[in-house]
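What follows is a set of notes on a single structure, which appears directly below.
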Amino acid sequence: NNNETQLNESMDIRQVAMIALKNSMGFISHIFTNDQYRNIIFSLIFDNLVLNSITLRLNAFQCLVSIADLYYDYLDDKIGQIYTITEEAIKKQPDEIVCQAIEFWGVIADTEIAILDRIQSHGNSGEKVNKQYMIKAINIVPLLLEQMTMQSEDIHDEDMNRAKAAANCLLLIAGATG
């Protein structure tokens with residue numbers, strides 16, 4: 001029983017840590033530029049993505065979405081691992097986690113669209129798209145199409161679900177790939 005109490009306390013601490021990390025994403029840019037600290041952050045997130053707690057996994061995926069949005073340029077060495085994690089999540093996780101895994105790729109595509117727009121508007125200012133990211137995003141398309149077949153019974157449902165998230169992500173990927 002003591003082990004169970006310690007495990008629950010450990011999960012509570014992890015939960016608080018993930019929420020704190022998620023809420024501080026916008027303020028840690030100076031930390032994210034350091035390889036060692038960035039690797040620790042990714043390690044913490046990846047560790048929480050495999051735990052039994054849906055809430056911890058959800059918060060960890062929300063952190064990944066924030067990283068894609070705020071620290072896009074720092075994903076290079078993690079994109080392969082993130083692809084594998086998001087692919088597995090889309091196949092096997094509950095809707096709320098699937099939506100976040102799909103949202104990650106939507107943010108990637110949206111960022112690529114913004115980069116393409118800036119290049120088109122201002123000429124080549126040294127900024128470039130990341131083909132590696134978009135290749136991974138394109139590889140997720142078959143899973144997105146499959147998710148679109150899993151629509152809610154209630155066609156008037158306003159909540160985000162895997163089918164809506166997949167449709168939105170497909171639109172963004174199409175926009176990013178031209």
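The values are calculated or read from the model by the stated rules, or taken from the named source; none is laboratory data. From a predicted model like this one, the values you see are computed outputs, not experimental measurements. Glycine also receives a Cβ, built like all others from the backbone with ideal geometry; neighbour counts cover every protein chain displayed. With ligands, DNA and RNA removed, areas are computed over all heavy atoms of the protein, side chains included. Shrake-Rupley method; radii C 1.70, N 1.55, O 1.52, S 1.80 Å.
Per-residue ellipticity at 222 nm for the chain, helices alone: DSSP H runs ≥ 4 residues times -39500 (n - 2.57), over residue total, nearest 500 deg cm²/dmol?
That comes out to -24500 deg cm²/dmol.
Be a star and scan the stretch 70-104 for residues whose amide nitrogen sits under 17 Å from the point 7 Å along the Cα-to-Cβ vector of M150.
Flagged as within label range: 84-104.
If each of D77 and A174 carries a label point 7 Å out from its Cα toward its Cβ, how far apart are those two points in nm?
Spacing of the two 7 Å Cα→Cβ label points: 3.8 nm.
Dipole of the chain, Cα-centred, from +1 at each Lys and Arg C-beta and -1 at each Asp and Glu C-beta, to the nearest 20 debye?
500
How many Å² of accessible area per residue for the chain, probe 1.4 Å? Spell out each step's value before the answer.
Numbers: 10020 Å² over 178 residues.
So the chain comes to 56 Å² accessible per residue, rounded to a whole number.
Using a cut-off of 19 Å between alpha-carbon atoms, which lysines can reach K22, once sequence neighbours fewer than 8 places away in the same chain are excluded?
Result set, ordered by chain and number: K78.
Please list, in order along the stretch 132-140, the HN-Hα scalar couplings obtained from phi with the Karplus expression 6.51 cos²θ - 1.76 cosθ + 1.60 (θ = phi - 60°), rounded to whole Hz, x for Gly and Pro.
In residue order, the calculated couplings are 4, 5, 6, 4, 5, 4, 5, 5, 8 Hz.
So, R0 is 30 Å and r is the distance between the beta-carbons of N39 and T84; what FRET efficiency does that work out to, to 0.05? It would help to have the intermediate numbers written out before the result.
Numbers: r = 17 Å, r/R0 = 0.57.
That gives a FRET efficiency of 0.95.
Take the alpha carbon gyration tensor of the chain, find the square roots of its eigenvalues, order them as a ≥ b ≥ c, and report rounded if a/c is under 1.5; if not, report prolate when a/b exceeds b/c, else oblate.
It comes out oblate by the Cα gyration axes.
Given a 1.4 Å probe and every protein chain left where it sits, what share in percent of the accessible area of the stretch 16-129 is carbon and sulfur?
The computed percentage sits at 50.
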